[in-house]
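Here the structure is laid out as C-alpha cells; the discussion comes afterwards.
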Amino acid sequence: MDNEKRALNSIAQDIAQVARGMGLDFYPVNFEIVPAEALYTFGAYGMPVRFTHWSFGKAFYRMKTQYDLNLSRIYELVINTNPAYAFLLEGNRLVQNKLVIGHVYAHVDFFKNNYYFSRTPKDMVERMGAHAEKIREYELLYGREKVERTLDAVLAIQEHVDYRSHIGTKGKMENLPQVNRPLKDEGHKCPGDACSGNHSCGSCGGNCTTKEPSKADSPKKVRAKRASLPYEDLWGDLIDDDCKCESQPEHEDLLLYIIKFAPGLEEWQRDIVGIVREESFYFYPQIETKIINEGWATFWHARIMHELDLTDAESLEFALMHSQVVQPSRMGMNPYYLGVKIWEHLAKNKALSEIFELRETENDLSFIRNHLTRELVEELNLFNFRKVGAHWQVTENEWEKVRDNLVQQLVNGGHPRIVVLEGDYEGKGGLYLKHRHEGVDLDIVYLEKTLSLVQFLWGKSVSLETVVDTKKVVYDCSNGLVSHHQVSKAGEK
C-alpha cells in the first residue's frame, strides 16, 4: 500500500504539472484512497464529516446497492476546500486513477475560479465538524427524538434560502422591526425593500425610488424631456403612476425568516435551522453548476490524458472509460455528456482565454441559454418529451424550445420558488407563503407533508398560495392538519 501511495503521489505531481502547463489554476489537492463503503458514505453525507440523519443513511444504501449490482460507480469525490480533498476509489486501476486525477484538478480549478463559488468558505470541513458536534450536544440535552424532528422539518425546506442575498441591499431582513406590524405613534414605516401602505411616496422615508413629480416636472414634461433618450421603450409606463410600491415586501429566504421570526422555536432549534442554512449555501453552487462543472472536468481530463505517455493498452482502457463517462442516458440528461459537448464546441470557435473567461462567469442556466446552439441540439438529437397516458411521446424538437425547456428546469436550481408574504396572517401570527408559479404545478402530496413540517417550525398556522390546474388555491395547515380552498377573484392577494 505504501508503494502504491508513493507511485500515486508521483503520478499526481506529474499530472498537476501538465494541467498547470495547459492553464489550469487550482488549490493544492490531498488525495486519499478509500474503500467503496467509505466513498459512498462521503457521497451520501456530502462531506467526510457531517451531522447524522436518517436521510443520509437512506442515500448511502441506495448508492451502495447500485454499486453492488454494478449499476453505477463513483470513481472519486472532491471536496471544495483549500487545500482540496479528493477521495479515490480503492481498486481503481492505474490508468483509471490517472484519468480521475486529471478530472479532479479541473474540478478544483473550477471551484477556485468560478464566480458562484467565490463566497464558499474554504474551511467547510472544519465547520461541518463543529456543526456535527453541536447537534450531538443538543441530542444529549434535549433528546434525539426532538432534534431529529427538527432536522426532518428543516431538511425538507433546506433549498428555500436566498442564494443571491449578497447582491443588492445588505441587511434587508435585519431592518424589519416587527413582521408586518406597524409601529405605534411613529407614523408610516416601510419595513423592507418595498412600501406596504397606501400613501404618497413622500412619506416613504426614502425607500421608494420614485417621487411625486412637482408642477415643474409633471409626467408630461418628463416624458417630453426623455423622448429622445436611448432605451426609452424599456421604461414603459413607469412614470405614469405616482408610486410603484408593492403592497407587501417579499422575502426569498424562508429559513432566515423562520430563524428571526418563528414564534414557536426554542433557541437551540433556531441554531439548527441556521446550521442547515449555512450548509445549504455551501452546496448550492454545486447544484447550479453541475453541467458546466462536470463538462469542464471531462473536457480537461481528456486533454490531459492525451498529453501523458500512455501504453497502447492504457490508451484503449482510457478510451473505454471516457466513453462510458460521456455516454448519453436513456433515462435523462447526462451532465457529463451535455457539458463536455458544449465545451468542445466552444473550443472550436473561441480562443483559450475566452474559454477560461467563460469558466469564471457562467453557471448551468447561463451556459445552456447562451451556448446551446441549433447545431448542438441537432448533433446531440435533443428533444422535449412527456408521458401521455401509458406512453412517452416526443412533443417538440425545435431547437429553441428544447433549449428553453432545459433552461426552465435549471431556474432556481430546479426547485420551486417560495416567498414569504406575511408573518402575521389575518392578525393571528400565521405565516403566509406564496409559490411563484412558473408553469409547473407543485407535487400536492409533497406539498401537504412539507407544509405540516413548516407549521411545526413556525409554531402557528401556515398557509401557502399556489396554482393547481390554472386555478389559485390556498393550502392551510394548523395543528398538523392540511386543508385547502380555491381563491376567488375578490380574495386574491
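Go through the stretch 450-477 and report how many residues are touching a residue at least 12 places away in the same chain (Cβ under 8 Å) and either in the same structural domain as Asp404 (by TED's automatic domain parsing) or out of contact with any strand residue (DSSP E or B) (no Cβ under 8 Å at 6 or more places or on another chain) (or both).
Residues that pass the stated criteria total 7.
Considering only the stretch 47-56, state which residues are open to solvent by 20 Å² or more (accessible area, probe 1.4 Å) and in a loop (DSSP other than H, G, I, E, B).
Within the stretch 47-56, Pro48, Val49, Arg50, Thr52 qualify.
Name, by its number, the condition in (1) of a type outside the set (A, V, I, L, M, F, W, C); (2) more than 23 Å from Ala44 (Cβ to Cβ); (3) open to solvent by 30 Å² or more (accessible area, probe 1.4 Å) that does not hold for Gly143.
(3)
For the subset of the stretch 478-493 comprising residues that are out of contact with any strand residue (DSSP E or B) (no Cβ under 7 Å at 6 or more places or on another chain) and open to solvent by 80 Å² or more (accessible area, probe 1.4 Å), which member is farthest from Asn405 (Cα to Cα)?
Checking each candidate, the answer is Asn479.
Which one of these does Asn349 not meet: (1) open to solvent by 30 Å² or more (accessible area, probe 1.4 Å); (2) touching a Pro at 6+ places or on another chain (Cβ under 7 Å)?
(2)
Picking from Leu24, Leu69, which residue would you name as being surrounded by 12 or more Cβ atoms within 10 Å (Cβ to Cβ) and hydrophobic (A, V, I, L, M, F, W, C)?
Matching residue, one of Leu24, Leu69: Leu24.
Quickly run through the stretch 432-455 and pick out the residues that are aromatic (Phe, Trp, Tyr) and either surrounded by fewer than 17 Cβ atoms within 10 Å (Cβ to Cβ) or over 23 Å from Gly264 (Cα atoms) (or both).
Tyr446
Do we find that Ser483 is under 27 Å from the mean Cα position of the chain (by Cα) and outside any loop (DSSP other than H, G, I, E, B) in this structure?
The answer is no for Ser483.
Any residue that is in a strand (DSSP E or B) and of a type in the set (A, V, I, L, M) - is there at least one of those in the stretch 377-392?
Yes, the stretch 377-392 contains a residue that is in a strand (DSSP E or B) and of a type in the set (A, V, I, L, M).
Condition first: among the small types (Gly, Ala, Ser) and closer than 18 Å to Val407 by Cβ. Can you find one or more residues in the stretch 345-364 that meet it?
No, because not a single residue in the stretch 345-364 is among the small types (Gly, Ala, Ser) and closer than 18 Å to Val407 by Cβ.
The values are calculated or read from the model by the stated rules, or taken from the named source; none is laboratory data. Model, not experiment: these values are computed from the prediction. Glycine gets a Cβ as well: all are built from the backbone with ideal geometry, and neighbour counts include every protein chain shown. Areas reflect the complete protein model, heavy atoms only, side chains present, ligands, DNA and RNA absent. Shrake-Rupley method; radii C 1.70, N 1.55, O 1.52, S 1.80 Å.
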